[in-house]
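The numbers here are math on the coordinates, done by the rules we state, and not lab data. Note that this is a predicted model, so its numbers are computed, not measured. Glycine also receives a Cβ, built like all others from the backbone with ideal geometry; neighbour counts cover every protein chain displayed.
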Amino acid sequence: MAVSDSARASLYLITIIPSLIATLINLYYLLFDRTLRAALNNHVIILVLLFVLIFDSTTVVCSIRFYRTGIVLAPNPAFCMIETFIDSTVTVIITYLMAWASIERHILIFYSHWFATKSKRFVFHYFPLFICLIYPIIIYSFMLFIQPCTIQLDYHRTQCGFYDCVTSNKNLAIFDVLAHNFIPITIVFTLNIALFIRVLCHRHRVQQRIDWRNYKKMAIQILLIATVFILFLFPPIILYTAYSFGLSWTIGADYISDGVYFGFYAFMLIPFASLTSLPKLRKKCKNIIFFWQRHPAVNPEAVLLARIKPNQTINKY
């Protein structure tokens, strides 16, 4: 049974506010803590969180409005094109960054010497991040604005149906679903399973050569985020890929609608998974909780005694 539009709007609204707060907390600690900011493994996470912030404040907000009213936020062609472009590029940028994070985590843990020099760090760290950011912008500029497209906009459809410029072209649709969805998400899925197995198998041997504790934290960080990403996004992408290759849309029709809807949670829940991997933040939260639990009540008599003069007496009655 499909989730109603009113329920969809409510569920997104309940989730987006904590998601935004969690994203800002993550970014604050990762950007303003010099040690965390300098760590190579955190750079891709910072970028992911920045684009999750954009995703929450644009795509999710527009979706809430659409599900509540049945019409796009601003029913005009310019808005439809901008909304579709932002939604498409941001989601693919996050997906690509997650795929690269899954690859890079293997390098950081098992081949850390690849980052030993500035030139190596540029080739194996900064340049891949740049590609993850610039490629989606270039490809969707072509697919949405440059290639010929004469579709009729419908303001009662998500993104006004402007994404049909991509899906109406069979070859382009297959390329889009494979290059921007199925392949990168499969990379996230397979490489994180491989990382988990590899870490378990190499734990005792690696522990003798490197600081195992730091590398275990790096593995846990990406595994937590990738688990959320895979659970919500992988199943609908598999079905959508099958549709692109000719599977009848009547098969799994009810699921694909809800699957795409809940797929947004793969992005909105990333900040919560990231929070659990910040040891300093967890420690501060525990200290705050313990402070309030253990803070002793102030004795009014003790306060009064502290304020009187040494030679002054108190008449208690």
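General observations
- From least to most packed, judged by other beta carbons within 10 angstrom and beginning with the fewest, Met268, Met218, Met81, Met98 follow the order Met81, Met218, Met268, Met98.
- Ile151/Asp254 FRET efficiency (R0 30 Å; Cβ-Cβ; nearest 0.05): 0.70
- Altogether, the Stokes-Einstein calculation at 25 °C and 0.890 mPa s, with the Kirkwood radius of the stretch 5-307 over Cα pairs as Rh, returns a diffusion coefficient of 114 µm²/s.
- Remark: the stretch 53-184 is approximated by an ellipsoid whose semi-axes, taken from the C-alpha gyration tensor as √(5λ), come to 34, 17, 12 Å, largest first.
- Additional length obtainable on full extension of the chain from Ser141 to Phe122, 0.36 nm per residue less Cα span: 4.2 nm
- Efficiency of FRET from Cβ geometry, Ile54 and Ile103, R₀ 22 Å, rounded to 0.05: 0.40
- Placing pseudo-labels 7 Å out from each Cα toward the beta carbon at Arg68 and Ala2 gives an inter-label distance of 2.2 nm.
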